[in-house]
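Quick notes on the structure that follows.
Bear in mind that the values in this text are calculations on the coordinates, not laboratory data. Only a predicted model underlies this, so the values are computations on that prediction, with no experimental measurement involved. Here the Cβ positions follow ideal geometry from the backbone for every residue, glycine too, while neighbour counts run over all protein chains shown.
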Amino acid sequence: MGTGNSLWLLTKKTLTGALIGVTISDRYVTASPVRGSSMHPTFTGSSTSFPGSLKGDVILVERFCLQKYKFSHGDVIIFRTPTNQKQLFVKRLIALPGDWIQVPESSEILQIPEGHCWVEGDNPASSLDSRSFGPIPLGLVQGRVTHVIWPPQRIGQVERKMPTGRISPY
Amino acid sequence: MAVGSRAAAWLAGAARRIGSVPWRNISAEAVDRTLLVVKAACFAHVINSYVVSLALVRGPSMLPTMNLTGDIIAVDRVTARWGTVAVGDVVLLRSPENPRKTVTKRVLGLEGDAVTYLVDPHKGDASKTLVVPKGYVWVQGDNIYDSRDSRQFGPVPYGLIQGRAFYRVWPPEGFGFIGQKVTSL
């Protein structure tokens, strides 16, 4: 039958497209909307309720960094939260394994254990990050943010920025 | 001269032969074949990451369940993604000490469970108990005498779990399901 055949063809093409899309998104590059205000002003997230969630920035995330897990200070990364594996956070990487970091609002200095990193949001007033849940294993990292791709007036590269005087490699 | 005209004739002949090759058909077929390879690779990636994959596990930390020299096991990827890993499951997880390394251990405690473990089995019976925090799991190797696990690096976030080992594929003598034996203190 004519329509049966073209429906089957459409299904096959959609399935192939989905397969290729999922592979590219998992291995190379993907895009994701930002929610919440913990990375203000780098990203302007949307509110978490439905109509608002369409207005946030959309960021481009690259997955090539996951081959060697080599990150630099100041990279913006996305990671699974240690308290809820289904949730992804986007924060800035402040300290790498072996660095000594001064925990803000307390005078303790702590060394990041092997295989872990310290992440903080750019907007410390409204950010749930390593100041609450401690250093996170690098294995939780799911990608590195390189660009903002929506809305058009905010398109641009995301730069590496480090707060001064917080870490020491010794 | 004779040489020059022979060269010209040869060149003209070559141009004609090249022109008569069906380039459009060949390129269409090449694109088709490449697309087929790409589709197969994507299919393999999706199955490998979301359904089931194979892994080679080596080392002494899971004796006697796993061999020292290497077993090939089938790893189910669905259970970990859905959050239904249970106590007694053997899981593959990214090591919290080195994200490039994948280790195999048994889950002995989920979030909220109280876990009791021997601090150092070589040196007597001292044991400690703690409650696993929300979002974390406690993993231990079956061979507690030679295993680096939660007793050294603490409970690990659930997000590090890559999959659940459920079947041994190689060596043939060990063919079969991997049991849920829970080693208690």
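What value, in deg cm²/dmol to 500, does the helix sum -39500 (n - 2.57) over DSSP H runs of n ≥ 4 give at 222 nm once divided by the residues of the protein assembly as shown?
The per-residue figure over the protein assembly as shown is -8000 deg cm²/dmol.
Evaluate the Debye formula for the protein assembly as shown with equal point scatterers sitting on the alpha carbons, no solvent, and hand back log10 of I(q)/I(0) at q = 0.12, 0.14 Å⁻¹, in q order, two decimals.
Results for the protein assembly as shown at q = 0.12, 0.14 Å⁻¹ read -1.01, -1.25.
Convert each backbone phi in the range B:26-33 into a coupling constant with the Karplus relation 6.51 cos²θ - 1.76 cosθ + 1.60 (shift: θ = phi - 60°), then list the ³J(HN,Hα) values in order as whole Hz, x for Gly and Pro.
5, 5, 4, 5, 4, 4, 4, 5
Can you give the angle from 0 to 90° between the axis of helix A:2-27 and the longest principal axis of chain A, with both taken from C-alpha atoms, to the nearest 10?
10
Mind giving me the FRET efficiency for A:GLU114 and B:PHE175? R0 is 35 Å, r the Cβ-Cβ distance, nearest 0.05 is fine.
0.40
With 24 Å as the limit, write out which pairs from B:LYS105/B:LYS128; A:LYS70/A:LYS161; A:LYS86/B:LYS39; B:LYS101/B:LYS123; A:LYS91/B:LYS134 have Cα-Cα distances beyond it, or answer none.
In this structure, A:LYS86/B:LYS39; B:LYS101/B:LYS123 exceed 24 Å between Cα atoms.
Which whole number gives the average, over all residues in B:152-163, of C-beta atoms from other chains lying within 10 Å of the residue C-beta?
5
Calculate the FRET efficiency for A:GLN157 and A:SER126 from the Cβ-Cβ distance with a Förster distance of 22 Å, rounded to the nearest 0.05.
It comes to 0.35.
Once label points are set 7 Å from the Cα along Cα→Cβ at both B:THR116 and B:THR84, what is their separation, rounded to one decimal in nm?
Between B:THR116 and B:THR84, the simple spin-label model gives 3.1 nm.
Kindly identify the range B:3-49 as rounded, prolate or oblate by the Cα gyration tensor criterion: order the square roots of the eigenvalues as a ≥ b ≥ c, call it rounded if a/c is under 1.5, otherwise compare a/b with b/c, prolate if a/b is larger, else oblate.
prolate
Rounded, prolate or oblate: which one fits the range B:52-177, using the alpha carbon gyration tensor with axes a ≥ b ≥ c (rounded when a/c is under 1.5, else prolate when a/b beats b/c, else oblate)?
Note, shape of the range B:52-177 comes out oblate.
Which ³J(HN,Hα) values in Hz, rounded to whole numbers, follow from the phi angles of the range B:39-45 under the Karplus curve 6.51 cos²θ - 1.76 cosθ + 1.60, where θ = phi - 60° and Gly and Pro get x?
Calculated HN-Hα couplings, in order: 4, 5, 5, 5, 4, 4, 4 Hz.
Per-residue mean of other chain beta-carbon atoms within 10 angstrom of the beta-carbon, peptide B:36-43?
4
Give the average, rounded to an integer, of partner chain Cβ atoms located within 10 angstrom of each Cβ in B:90-100.
Across B:90-100, the average partner-chain Cβ count within 10 Å equals 5.
Nearest 0.05, what FRET efficiency do B:ILE47 and B:ARG100 give at R0 = 25 Å with Cβ-Cβ as r?
Efficiency for this residue pair is about 0.60.
For Cα pairs less than 8 Å apart in space and 6+ apart in sequence, what is the mean separation divided by the residue count of chain A, i.e. the relative contact order in percent?
It rounds to 23 percent for chain A.
With a ≥ b ≥ c taken as the square roots of the eigenvalues of the C-alpha gyration tensor of chain A, please select rounded if a/c is under 1.5 and otherwise prolate if a/b is larger than b/c or oblate if it is not?
Prolate, since a/c reaches 1.5 and a/b exceeds b/c.
What are the ³J(HN,Hα) values, in whole Hz, obtained from phi via the Karplus relation 6.51 cos²θ - 1.76 cosθ + 1.60 with θ = phi - 60°, for each residue of the range B:85-92 in sequence order, with x given for Gly and Pro?
Coupling constants for the range B:85-92: 5, 10, 5, x, 6, 8, 10, 9 Hz.
Quick one: helix B:2-20 against the long Cα principal axis of chain B, what's the angle to the nearest 10°, folded into 0 to 90?
Between helix and principal axis, roughly 50 degrees.
Could you work out the local net charge near B:LYS128, counting Lys and Arg as +1, Asp and Glu as -1, over the other residues with Cβ closer than 15 Å to its Cβ?
Residues near B:LYS128 contribute -2 overall.
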